[in-house]
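The values are calculated or read from the model by the stated rules, or taken from the named source; none is laboratory data. These numbers were taken from a predicted model, which means no experiment stands behind them. Methodologically, a virtual Cβ is constructed for each residue, glycine included, from the backbone with ideal geometry; neighbour enumeration extends over all protein chains shown.
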């Protein structure tokens, strides 16, 4: 049973479901593309800065993980949940003085049984 199904205008069928490990084996192949990935939540945090609400967490698959950002809503999730995330994958992103690797800008999150 789906407990939470938040999608912001992106169909779940937009991409084949992948594992975190599969994406990290070929990061250049998925860079800048919409991915549909399944894993478990770790290091979950919700924040509000300058009026923006967002959540960050690691989506884990064994010893591999992607960092996920979801802007605009409080998700109310928790560590250990198995979820599906759909969003745009960035192998590397530079934002001013900060650099980020293996992150997903999520457009949708679905809690799985």
ask   = Only one residue in 36, 102 is at positive phi, surrounded by 11 or more Cβ atoms within 10 Å (Cβ to Cβ) and modelled with pLDDT of 90 or more, so which one is that?
value = 102
message = If I ask for residues that are closer than 15 Å to residue 40 by Cβ and more than 14 Å from the chain's Cα centre (by Cα), which ones from the range 50-77 would you list?
response = 62, 63
ask   = List pairs: first in the range 70-86 and under 11 Å from residue 52 (Cα atoms), second assigned to a loop (DSSP other than H, G, I, E, B), Cβ under 8 Å, 6+ apart or cross-chain?
value = 72/8
query = Quick one: residue 59 ticks every box in (1) within 13 Å of residue 88 (Cβ to Cβ); (2) modelled with pLDDT of 95 or more bar one, so which box is it?
reply = (1)
query = Counting only residues that are modelled with pLDDT of 90 or more, exposed (fewer than 13 other Cβ atoms within 10 Å of the Cβ) and more than 15 Å from residue 44 (Cα to Cα), how many does the range 78-99 have?
reply = 1
In the range 38-58, the residues that are touching a residue at least 40 places away in the same chain (Cβ under 8 Å) and either within 15 Å of residue 71 (Cα to Cα) or out of contact with any helix residue (DSSP H, G or I) (no Cβ under 6 Å at 6 or more places or on another chain) (or both) = 38, 40, 41
